[in-house]
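Below: the structure, in structure tokens.
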Amino acid sequence: MHMAPASVNLATLVLDFDSTFTKVEALDVLAEQLFSSDPARLTDLKSIKELTDLAMSGEIGFGEALQRRISILKPSRADIEALAEALKAQVSASIARNRKVFEENPGKIRIISGGFHEFIDPVVAEFGIKPEHVLANRLIFDEAGVATGVDQDNPLSKDGGKIVALRSWADLTGAIVMVGDGWTDYEVFQGGAADRFYAFTENVSREKVVAATTASEATQVVASFDEVLHNEGYEGRYSFPRSRMKMLLLENVHPVAIQHFRDEGYDVSTLKGALDEEALIEAIQGVHVLGIRSKTNVTRKVLDAADKLMAIGAFCIGTNQIDLKAASEKGVAVFNAPYSNTRSVVEMVMGLTVILTRNIYDKSIQMHTGKWDKSATGAHEVRNKTLGIIGYGAIGSQLSVLAEAFGMRVIYYDVAEKLTLGNARRYRTMDAVLAEADVLSLHVDGRAENKNIFGKAQFAKMKDGALFINLSRGHIVDIEALAEAVRTKKIYGAAVDVFPEEPRTNDDPFESALMGLPNVILTPHIGGSTEEAQEAIGEFASERLLNFISRGDTTFSVNMPNVQLSEVEGRHRFLHIHQNVPGVMAAINNVIAKYNLNILAQHLKTNEQLGYVIVDVDRGYSREALDELKAVTGTLKFRSLV
Ligand SMILES: NC(=O)C1=CN([C@@H]2O[C@H](COP(=O)(O)OP(=O)(O)OC[C@H]3O[C@@H](n4cnc5c(N)ncnc54)[C@H](O)[C@@H]3O)[C@@H](O)[C@H]2O)C=CC1
Ligand SMILES: O=C(O)CCC(=O)C(=O)O
């Protein structure tokens, strides 16, 4: 689509008021104010809304609808004042966040409305719009100060009025751009009074208007005012409109995250299940942020196909499903939620430990078939038993604390140096732990080197009749070897939550060699699946992603150098992600010096693969400077934030 290039000669933006400048239809709000607490007037309330809708979608004449609504409403001057106050709190989100643009461009953004000066003027005055830059109707009041009608001499009181009224502004130079949600706004463009038209759908999307809009080259549907400013070359709140940034969230990510992204104006789409490689390659086109959980594999091929991808959010702990090396090579930042479901996993392991030690699962199955088998044989307390933990990270160490509270003795093995909690004991080899553990629980991460670290040889080294628990990753354990160990009674019971092959959605089938074995509890990867954990993950991961997108903050990123950044206020910020090779920083600084950019703050942080430079500059810079920064050898991603 064409739209105007950035230029010194900015177009005049003419905004509709109801459902565009404000989120609401003013006369509907007035009707609520006057009638909603009076049961006798509820029909009138409904009539007002119906008349508004019919007029806005072009079903009945605008003039007729206006006159009819005023004769039902009959507001007093005080009612109108109260309405104006209410409307001040209902300014559309994307208009409100671009207040500065109004202040910086006096007279360039104006209002045209079939509503009334009496309540529009005070609302838009807060954005520096003068009454002479508002074209609207005027109410006629009787002696008692009650509005009885509409000034019929005003063209806006009649059908097609906006076209006539707009021509009364003799001081306009350059292009005229109409922005609005309603049919009368589209008519301004259709009638030739505006050069371009934006159908504004942030608050309401009207079918007839959207359909007409998509039919012309000079018109466009926009979900926010940011898009209008961006297209028309105005310097808005965002260097790239948020409503054009696509977020794709898979695997039933918690609604709280979806809500946060939508509240910030991003274009969010969701899918319940995971996608296979081929489907993901297709779905990821045009996506800026991808949200997944444990079942979506983000392979190098997927990353190669991702044309716009800036960040991936793993709404879980594990990130082994993402090719982190490939993501880094492309400058794609990856985030996870490292602690939000830790406790849920640990509580489940404790529960499973008790259930397995008492053989409760099999007893329950028997009861469901009518078999009463009251006996203590093979049932034990967990107190004084030894819990062996392999992988003493966030989950393993938290488990160690809870297990000790149950009276268990804890021993562990970890490849890395760890802070030992309570009375737990660190062992130098996994074999040493296997030799003593009554219950063995795996909590290593899913790195590729951990594939099948637990197999026939390891089961052979365990105590006879020990219990085995895996809530880490499926590929860590050789499932056939575990099944055999259970069958031979080497292992007295097992709880397995994760599998080498897991169904992508709840509708796909599950199969495993462990099915039907005694005292074996199988669960569908639900270690972290509590409402508390999912909500906490949604909160945490969405915040990390939003902070990265809006300000470049990489705190807690699993592949980017971690840099904590404040909001971008009153300055521009350049974010430059590059290969960690010599000379990049010098090249960046050469460009900065060449264009005489005034640096307010600068950070550089590197890791093995990547360098991340953040430069805050004051307002003035040219497009050429940005192009040269982008062209620095080794650049993986570059973007500027307002
Ligand atoms: N079942 C479920 O729903 C859930 C499963 N998980 C899985 O649990 C894993 C562990 O989570 P956290 O404790 O938060 O991770 P973490 O990264 O804090 O801890 C993992 C620990 O394992 C150690 N480790 C890695 N390989 C090892 C090996 N071969 N031998 C001994 N130690 C080794 C690491 O040094 C680290 O201390 C996650 O990576 C994830 O795969 C996490 C949450 C929910
Ligand atoms: O619940 C999920 O989607 C995955 C949980 C998990 O395995 C993790 O957090 O690593």
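FYI, it's all coordinate maths here, none of it is from the lab. Not measured: the values here are computed from a predicted model. For neighbour counting, all protein chains shown are included, and Cβ atoms are generated from backbone atoms with ideal geometry for every residue, glycine included.
Worth pointing out:
- Tensor-based shape of region 56-107 (alpha-carbon gyration tensor, a/c under 1.5 rounded, otherwise prolate or oblate): oblate
- Between residue 502 and residue 428, the C-beta separation translates, for a Förster distance of 41 Å, into a calculated FRET efficiency of about 0.80.
- Cα-Cα over 30 Å, subset of 605/630; 272/451; 374/451; 108/158; 295/637; 46/272: 374/451; 46/272
- For region 561-641, a crude dipole built from +1 on the beta carbon of Lys and Arg and -1 on the beta carbon of Asp and Glu, taken about the Cα centre, is about 100 debye to the nearest 20.
- Unit Cα scatterers, Debye sum, region 488-606: log10 I(q)/I(0) for q = 0.19 Å⁻¹: -1.11
- The distance separating the Cα centre of region 587-612 from that of region 148-180 comes to 50 Å.
- Normalised by the number of residues in the chain, the average gap of Cα pairs under 8 Å and 6 or more apart makes the relative contact order 9 percent.
- For region 139-215, the normalised intensity computed at q = 0.17, 0.23 Å⁻¹ comes to -0.75, -1.01 (log10 of I(q)/I(0), Debye sum over alpha carbons, equal scatterers, no solvent).
- Fully extending the segment from residue 347 to residue 207, taken as 0.36 nm per residue of separation minus the present Cα-Cα distance, adds 45.3 nm.
- Dipole-positive endmost among 189, 236, 275 within the chain (Cβ charges, Cα centre): 275
- Cα-based values for region 5-231, radius of gyration first and Dmax second, are 16.8, 56 Å.
- Shape call, region 179-332: gyration tensor on alpha carbons, a/c limit 1.5: prolate
- Of 253, 578, 430, farthest towards positive along the dipole that unit charges on Lys, Arg, Asp, Glu beta carbons give the chain: 430
- Pairwise alpha-carbon distances in the chain exceed 45 Å for 39% of all pairs.
- Of 49/208; 130/162; 100/308, those spanning more than 21 Å from alpha-carbon to alpha-carbon: 100/308
- Restricting the calculation to Cα atoms, every distinct pair contributes to the Kirkwood radius of region 245-335, found to be 12.8 Å.
- Short-range pairs are left out: with C-alpha atoms under 8 Å and at least six residues apart, the relative contact order of region 561-641 is 46 percent.
- DSSP beta bridges in the chain [antiparallel fraction, %, rounded to 5]: 30
- By the rule of a C-alpha distance below 17 Å, with chain neighbours fewer than 8 residues away ignored, the aspartates and glutamates paired with residue 246 are 202, 226, 227, 263, 264, 267, 282, 307, 543.
- Rounded if a/c under 1.5, otherwise prolate or oblate - region 561-641, Cα gyration tensor axes: oblate
- Test item: Cα-centred dipole of the chain, Lys/Arg +1 and Asp/Glu -1 on Cβ, debye: 2380
- Arranged from fewest to most other beta-carbon atoms within 10 Å of their beta carbon, 479, 112, 292, 526 become 526, 479, 292, 112.
- Between 398, 638, 73, the Cα set farthest toward the positive side of the dipole of the chain (charges on each charged residue's Cβ, about the Cα centre) is that of 398.
- Helix-only [θ]222 nm of the chain, DSSP H runs n ≥ 4, -39500 (n - 2.57) each, per residue, nearest 500: -10000 deg cm²/dmol
- Cα-projected label distance for residue 510 with residue 78, points at 7 Å along beta-carbon direction, nm: 6.6
- Count Lys and Arg as plus one, Asp and Glu as minus one, and take only other residues whose Cβ is under 14 Å from that of residue 379; the net charge is then +1.
- As a proxy for reagent exposure, 501, 64, 329 were ordered by neighbouring Cβ count within 10 angstrom, fewest first; the result is 501, 64, 329.
- For region 370-489, the convex hull drawn through the C-alpha positions has a volume of 130 cubic angstrom per residue.
- Among 372, 183, the order by Cβ neighbours within 10 angstrom, fewest to most, reads 372, 183.
- Calculated P(r) tail over 21 Å for region 70-189, as whole % of Cα pairs: 43
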